[in-house]
Amino acid sequence: MTLTDDPIAGLPIAFDLDGTLVDTAPDLVRALNASVKPCGLSEVRVDDVRAMVGRGARALIERAFARQNVEAGLSEIDHCLTRFLEVYRDQIAVDSRPFANVEAVLDRLATRGARLSVCTNKPQTLAQALLDQLKMSDRFERIIGADSGIAKKPDPAHLFAAFGGTPTLGVLVGDSEPDALAARAAGAICLLFEGGYSEKPVRTLGADRLFKQYDEFETVLTEAVSARLSAKA
Ligand SMILES: O=C(O)COP(=O)(O)O
Ligand SMILES: [Mg+2]
């Protein structure tokens, strides 16, 4: 197959970050506990954090209080958020690592001419810092965080910003509900990783395809793109 026959060539593919490209839960939980335990919450476990990430840093703090049925006022949440961001910024890539085979898949997609970007509800500076420390930033045309001046997922505008426009066909690879909703609203193909972080069962989120591991990613992507192209034809 030549590059021009390959439907992946030139295709914009945006990746979610937490729980999709990188397993960030160990560093997130350390910073979360440093911020909420002084406010009276008990230790949040790393497995619980996996069901709490996806809607941004403030939502993570709010969910920590809600899951322990502790009421918190706006100023308490603000205080915890500030502390969380300080601790997390300093220790953002201590234990966080890309999921198995992610880098090999990104290499292959780049070779096939896909246009790769990141669309994350993490704050921009943190997304950039994490990807810089993991030496992954250069793989992406664009990294668009939640506070980059555009709306955040599930708003499709966030995804269009990552794509760099409104392509006839684009793909969002994610792990949770805001990803599925943004992709649907943008008319993009949605591929969801079952090994990521989601409050709801991933199979209920209406993705075009699911994948359990990155070694099946290219097959799943090809199937989803072919299905969409033949539906349009
Ligand atoms: O910070 C979050 O809550 C989630 O970030 P994500 O969009 O990369 O999953
Ligand atoms: Mg995610």
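The values are calculated or read from the model by the stated rules, or taken from the named source; none is laboratory data. Since this is a predicted model, take the numbers as computed values, not measurements. In this analysis, Cβ positions are derived from the backbone assuming ideal geometry, glycine residues included, and neighbour counts consider all displayed protein chains. Calculation scope for accessible area: heavy atoms of the full protein, side chains included, ligands and nucleic acids excluded. Shrake-Rupley method; radii C 1.70, N 1.55, O 1.52, S 1.80 Å.
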| field | Checklist (1) in a loop (DSSP other than H, G, I, E, B); (2) open to solvent by less than 10 Å² (accessible area, probe 1.4 Å); (3) more than 16 Å from ligand 1 (Cβ to nearest atom) applied to Ile92, failing item | value | (3)
| query | Does at least one position in the range 221-232 carry a residue that is free of Cβ contacts under 8 Å to residues at least 40 places away in the same chain, of a type outside the set (S, T, N, Q) and crowded, with 18+ Cβ neighbours inside 10 Å? | reply | no
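Which of the residues that make up the range 107-151 are in a helix (DSSP H, G or I), free of Cβ contacts under 8 Å to residues at least 40 places away in the same chain and within 16 Å of ligand 1 (Cβ to nearest atom)?
If we filter the range 107-151 for residues that are in a helix (DSSP H, G or I), which is where we start, we get 107-111, 124-133, 137-139.
Okay, now just the ones that are also free of Cβ contacts under 8 Å to residues at least 40 places away in the same chain, so 107, 110-111, 124-125, 128, 132, 137-139.
Gln124, Thr125, Gln128, Asp132, Ser137, Arg139, listed by residue number.
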| request: Please specify each residue of the range 26-49 satisfying the condition of being aliphatic (A, V, I, L, M) and either over 14 Å from Arg83 (Cα atoms) or within 22 Å of the chain's Cα centre (by Cα) (or both). | output: Leu28, Val29, Ala31, Leu32, Leu41, Val44, Val46, Val49
| Residues of the range 126-148 being away from ligand 2 (no atom under 16 Å from the Cβ) and either surrounded by 20 or more Cβ atoms within 10 Å (Cβ to Cβ) or modelled with pLDDT of 95 or more (or both), which ones? | Gln128, Ala129, Asp132, Gln133, Lys135, Ser137, Asp138, Arg139, Glu141, Arg142
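Residue check: is Asp215 within 12 Å of ligand 1 (Cβ to nearest atom), assigned to a helix (DSSP H, G or I) and of a type in the set (Asp, Glu)?
So Asp215 does not fit the description; no.
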| Taking helices (runs of 4 or more DSSP H) that do not extend beyond the range 1-84, which have at least 1 residues that are farther than 27 Å from Phe99 by Cα and open to solvent by 20 Å² or more (accessible area, probe 1.4 Å)? | 57-67
